[in-house]
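Read-outs: derived from the displayed coordinates by stated rules, not from any lab. None of the values given here were measured: they were computed from a predicted structure. Heads up, the Cβs are rebuilt from the backbone with ideal geometry, glycines too, and the neighbour counts pull from every protein chain shown.
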Amino acid sequence: MTTRSQQTSGLNRRRRRQSVLSWHGKLSRVFSALRWLLVAACASLVGAGSQATAEGRPPNVVLIFADDLGWGDVGFNGRTEWNTPRLDRLASEGMVFRRWYTGAVVCAPSRAVLLTGRYGIHNGVVTNSADLPRSEVTIAEVLAEAGYACALFGKWHHGRPRAGESSYVHPMDQGFAEFRGFTDARHAWEQFPTRLWFGREQRPVEGHANTMFTDWACEFIRRHRSQPFFLYLPYIATHFHIQAPAEDVAEHLGKFPERDARDPVYATYAAMVTRLDKEIGRVLDLLEELGLAEETIVIFSSDHGATFEAGNRGASAFHDSNRPFRGGKRTLWEGGIRVPGVVRWKGHVQPGGESHVPVHMMDLFPTLLAAAEVERTDLVLDGANLLPLWLRAEPPPQRTLFWEWRSEGYQQLAAMRGDLKLVICGNQPPELYNVETDPGERRSLHGEYPELVAELRAALDAWLASEVSAARD
Ligand SMILES: [Ca+2]
């Protein structure tokens, strides 16, 4: 339960954040403009062009986000029925996080956590139809104010207009100076759309959506090669519709016992993953070609686990996309919340590294700010700065992580401390798992650790009591 005074203090806090943000934003814009004038002047003095400009500049960020892609769909997490060589190479050149957790088990809340560094109960997005409030500060807004060029090519996923808004809040109102793609989740089912948004207007297009996003991403990188950039690439693979370019499907024909040879669903799902791998490869190749690989942080993850819903047509069930985990999208077992996670930052993050420290999508915001050396004491973030983990394998202090999914008829809660995770489904008895030794969550330990169950349950209740009123609008 949230009291009225808690709601009011939440509102006041947001207002304070906004006013602090506005003067801070103006100051930082002035400073970043001065900084880039100085860097550009130095570059022209030594005549080394982009090489000199590159020195000492904050890192670029390429944040690649898959849609409904399961933990077990990629080679670096054990997939052998198809190959993801470009992603596997990215993983071998960076650090693989085996316990990377997403913020929520459906698209909109998961993306809201990623962009705000705050739990859904704090940023106001706990359902798939909730719009990210205008007052929320996104990582794109903060990086833009620090001098970054910020672009989004891919899927946004807006919700219903909030009270006082005539429409949904557009990505270009949340820090992205450039946007092309889908704003609407259902529109994003179309793998071969006939129209897409170019900023705030729709234009006809032709071709495969993920290929177009990559084309635009590459053009953006070329254009901003001499300036720090934040490129957010939320691809639509492997969310349904289950469709892929014919040449990609052809690579997988005959590999799987299809229900109907004329409608090779399983081969098509495999093709969606391998096409995604190829598109990501084009971005990685361009970073190498332009000499930007060492000054660009590349992150790869997925918004939540794979789905077993009708639109997926049985593909993820057949391929066991979330293996070795139990559950999937719309559940809080590992199959729903544990997603692929890779960070590559050549020359900074140890190549070939592997971490089993539980990390959360909301950690990206403070970690990227730290990497960019942007200080923002005015922001109230739930995530932790994991730069010491990325750079020196130093884990953050132990903390308890929380999840909730109480929409569309579901009533699930989860809390995790170290390797132990409490899952509560409606009025069922609590479940407690050691997700390191029992990743499939088959043997509940609740009877063996009654005190821990009670402690985590109390922590969950306290966390839920911090929910802001916007989360219930
Ligand atoms: Ca999704």
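By DSSP, the beta bridges lying fully in the stretch 58-399 are antiparallel in about 35 percent of cases. Under the simplified labelling scheme, the Asp285-Asn434 pair shows an inter-label distance of 4.7 nm, with each label point 7 Å from Cα along Cα→Cβ. Taking N as the residue count of the stretch 75-224, its C-alpha radius of gyration divided by 2.2 N^0.38 Å amounts to 1.13. For Val74, the residues whose amide H sits under 5 Å from its own are Arg79, ignoring neighbours fewer than 5 places away on the same chain, with H placed 1.01 Å from N.
The charge dipole of the stretch 82-222, taken about its Cα centre with unit charges on the Cβ atoms of Lys, Arg (+1), Asp and Glu (-1) only, comes to about 360 debye. Annotation: the stretch 58-399 has a Kirkwood hydrodynamic radius of 19.9 angstrom, from the mean reciprocal C-alpha pair distance. Within the straight-line cut-off of under 20 Å between alpha carbons, the lysines reachable from Lys421 are Lys329, sequence neighbours fewer than 8 places apart in one chain being disregarded.
Membrane-span-like helices in the chain (whole DSSP H runs, Cα extent of at least 27 Å along the helix axis, mean Kyte-Doolittle hydropathy of at least 0.0): 265-289.
Explain nothing, just the number: dipole magnitude of the stretch 58-399 about its Cα centre with +1 on each Lys and Arg Cβ and -1 on each Asp and Glu Cβ, in debye rounded to the nearest 20. For this selection, approximately 540 debye. Between Gly440, Asn427, Tyr410, the Cα set farthest toward the positive side of the dipole of the stretch 404-472 (charges on each charged residue's Cβ, about the Cα centre) is that of Tyr410.
Peptide packing for 441-451, 400-410, 69-79 was compared via the average number of neighbouring C-beta atoms within 10 Å per residue; ordered from the highest value, the list is 69-79, 400-410, 441-451. Amide H contacts of Asp382: Arg118, Tyr119, each under 5 Å away and 5 or more positions distant or on a separate chain (H built 1.01 Å from N in the peptide plane; Pro and chain starts excluded). Of Tyr266, Tyr232, the sequence from fewest to most neighbouring Cβ atoms within 10 angstrom is Tyr266, Tyr232.
Partner lysines whose Cα lies under 23 Å from the Cα of Lys278, excluding those fewer than 8 positions away in the same chain, are identified as Lys155, Lys255, Lys346. Fewest neighbouring Cβ atoms within 10 Å first, the residues Asp285, Asp277 line up as Asp285, Asp277. By the beta-carbon count within 10 Å of each Cβ, the least crowded to most crowded order of Met172, Met95, Met416, Met272, fewest first, is Met172, Met95, Met416, Met272.
Here each label is just a point 7 Å from Cα along the line to Cβ, and for Arg223 and Tyr449 those points are 5.1 nm apart.
Summing Cβ point charges (Lys, Arg +1; Asp, Glu -1) relative to the Cα centre of the stretch 404-472 gives a dipole of roughly 160 debye.
What the pair-distance distribution of the stretch 404-472 shows, using all Cα-Cα distances binned every 5 Å from zero, is 4, 16, 25, 25, 16, 8, 4, 1 percent.
Relative contact order for the chain: 23 percent, from Cα pairs under 8 Å spaced at least 6 residues apart, divided by residue count. Spin-label model, Thr80 to Gln202: label points 7 Å out along the Cα-to-beta-carbon direction sit 4.7 nm apart.
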